[in-house]
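**Student:** Pasting a structure here, questions to come.
The values are calculated or read from the model by the stated rules, or taken from the named source; none is laboratory data. None of these values were measured; they are calculated from a predicted model. Because the Cβ atoms are built from the backbone with ideal geometry, glycine has one as well, and the counts that use them run over all protein chains shown.
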Amino acid sequence: MTISFAVRGEYIQLDQLLKATGLCESGGAAHAAIAEGRVRVDGAVDTRKRAKLRPGQRVTFAGETVELTSE
């Protein structure tokens, strides 16, 4: 399933995105998932919790894909 997420401002941090979309129930769960290498950004594993994501990028986690759009 693909989720469309509108980014407010210039960017959103990866951990905040996972929490805001409901893919992780807490910031701690998001940090753990990222640290374990279970999150992909534009097809590559990204272990940076505070990676700055911008519109046009795609995040994949737990069988879900989030496409970032501008607000």
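**Student:** For segment 34-53, state whether one or more residues are over 18 Å from Phe5 (Cα atoms), touching a Gly at 6+ places or on another chain (Cβ under 9 Å) and in a strand (DSSP E or B).
**Tutor:** The answer is yes, given that some residue of segment 34-53 is over 18 Å from Phe5 (Cα atoms), touching a Gly at 6+ places or on another chain (Cβ under 9 Å) and in a strand (DSSP E or B).
**Student:** Among the residues of segment 54-71, which ones are out of contact with any Phe, Trp or Tyr (no Cβ under 9 Å at 6 or more places or on another chain) and assigned to a loop (DSSP other than H, G, I, E, B)? Spell out the reasoning first.
**Tutor:** At the first step, the residues of segment 54-71 found to be out of contact with any Phe, Trp or Tyr (no Cβ under 9 Å at 6 or more places or on another chain) are 56-58, 60-65, 70-71.
Answer for segment 54-71, where residues must be out of contact with any Phe, Trp or Tyr (no Cβ under 9 Å at 6 or more places or on another chain) and assigned to a loop (DSSP other than H, G, I, E, B): Gly56, Gln57, Ala62, Gly63, Glu71.
**Student:** Here is a check on your reading of the model: is Ile12 under 9 Å from the mean Cα position of the chain (by Cα) and touching a residue at least 12 places away in the same chain (Cβ under 8 Å)?
**Tutor:** yes
**Student:** Starting from residues that are free of Cβ contacts under 8 Å to residues at least 40 places away in the same chain and among the polar types (S, T, N, Q), keep the ones in segment 18-71 and report whichever is surrounded by the most Cβ atoms within 10 Å (Cβ to Cβ).
**Tutor:** As a first pass, look at segment 18-71 and keep what is free of Cβ contacts under 8 Å to residues at least 40 places away in the same chain: 19-20, 22, 24-51, 56-58, 60, 62.
Still in the running and among the polar types (S, T, N, Q): 26, 47, 57, 60.
On the way: Ser26: 11, Thr47: 12, Gln57: 18, Thr60: 16.
Among those residues, the one meeting the criterion is Gln57.
**Student:** Output yes when any residue across segment 7-15 is at pLDDT 95 or above and small (Gly, Ala, Ser), and no when none is.
**Tutor:** no
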